[in-house]
1. Before rounding to the nearest 500, sum -39500 (n - 2.57) across all DSSP H runs of length at least 4 in the chain and divide by the residue total; then give [θ] at 222 nm in deg cm²/dmol.
2. What FRET efficiency do you get for ASP21 and ARG184 if R0 is 25 Å and r is their Cβ-Cβ distance, rounded to the nearest 0.05?
3. Rounded to the nearest 0.05, what FRET efficiency do ARG9 and GLN192 give with R0 = 35 Å and r taken as the Cβ-Cβ distance? Could you check?
4. Per residue and in Å³, how big is the convex hull formed by the alpha-carbon atoms of the stretch 1-143?
5. Place +1 on the Cβ of every Lys and Arg and -1 on the Cβ of every Asp and Glu in the chain, take the dipole about the Cα centre, and give the residue among ILE71, LEU175, MET142 whose Cα lies farthest towards its positive end.
6. From the convex hull of the Cα coordinates of the chain, what is the mean projected area in square nanometres?
7. Could you please state how large a percent of the accessible area of the stretch 44-92 is carbon and sulfur, counting protein chains only and using a 1.4 Å probe?
8. On a 1.4 Å probe surface of the protein chains, which of PHE202, PHE107 comes out largest in accessible area, and what is the full order?
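The values are calculated or read from the model by the stated rules, or taken from the named source; none is laboratory data. Quick caveat: nothing in here was measured; it's all calculated off a predicted structure. Glycine gets a Cβ as well: all are built from the backbone with ideal geometry, and neighbour counts include every protein chain shown. The accessibility values were calculated without ligands, DNA or RNA, using every heavy atom of the protein model including side chains. Shrake-Rupley method; radii C 1.70, N 1.55, O 1.52, S 1.80 Å.
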Amino acid sequence: MTYRVGLERGAEGGHIAWVLDYPGCFAFGHTEREVLERIPEAIRDYFAWLGAHGIPASGPGVPEDFRVVEIFDVYTINERFERGGSLKVNAWFLDDWRPLTEEEVEFSLQVLAASRADLRAAVEGLPDPVLDALLPGQRWSMRGVLRHVAHGENWYLSRLGRAVKDPPAEIWAHLDQVRQALERALQEWVGQSIVVGVEGEFWSPRKVLRRAAWHERDHVAHLHQLRRAMGWKDKPSSSRLG
């Protein structure tokens, strides 16, 4: 048994390797060689992170035993769905067709709870001036990152018609309301074969889960980078992405 990997080339300014059977397990690299070399470390870190959060899980073998089963090259389209515009079309894997099972959703809810705990820990105790400071070269402040996570998760839900309408302005209420909507949707999607096309891109429950789990864990690491840049020691956390 091997870890099945989907490789998304041209994503986020580089490449993302998705470990397909484990939501939130991924590696990033600026080159294809770099991302492939980082997969074993990403798998080891992921299972250590699960263990630190008390989530029992085991993989099919050693982290070095992985296989790239699908490759998707990101491309762009225009408003007429022709190649070469400004709208980016991200990875759709054949694996994304598979309906979610009850066991997968139960596991995924634990993964999402763990990443949300890390998100809170990353900003806990920081004063407002730190949360709102915009560092040179950064797109968002730390509070802006939190809001981006909330908007991003709600956007994923909108792909399947499950977005929260008029979420609250307060950031944690916003995050919590959207997360509750995602949790309800995942439980209702168990066993359902749902695939829709939105703005030139395919979406399914499995893809929504894949993207949401990645997005929050990725930005937890981003928040820790901002903490360090502003001279704040990292809070003890099990979330360390390569």
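1. Numbers: 6 runs with 108 residues, N = 242.
Dividing the helical sum by the residues of the chain leaves -15000 deg cm²/dmol.
2. Working: r = 23 Å, r/R0 = 0.93.
The formula returns an efficiency of 0.60 here.
3. Details: r = 30 Å, r/R0 = 0.85.
Once the sixth-power term is evaluated, E becomes 0.75.
4. Working: hull volume 23.3 nm³, N = 143.
Output value, Cα hull per residue: 163 Å³.
5. MET142
6. Numbers: hull surface 54.0 nm².
Projected over every direction and averaged, the Cα hull of the chain covers 13.5 nm².
7. Working: 1510 of 3010 Å².
Heavy-atom surface of the stretch 44-92 belonging to carbon and sulfur, 1.4 Å probe: 50 percent.
8. Working: PHE202 100, PHE107 35 Å².
Ranked from most to least accessible, the order is PHE202, PHE107.
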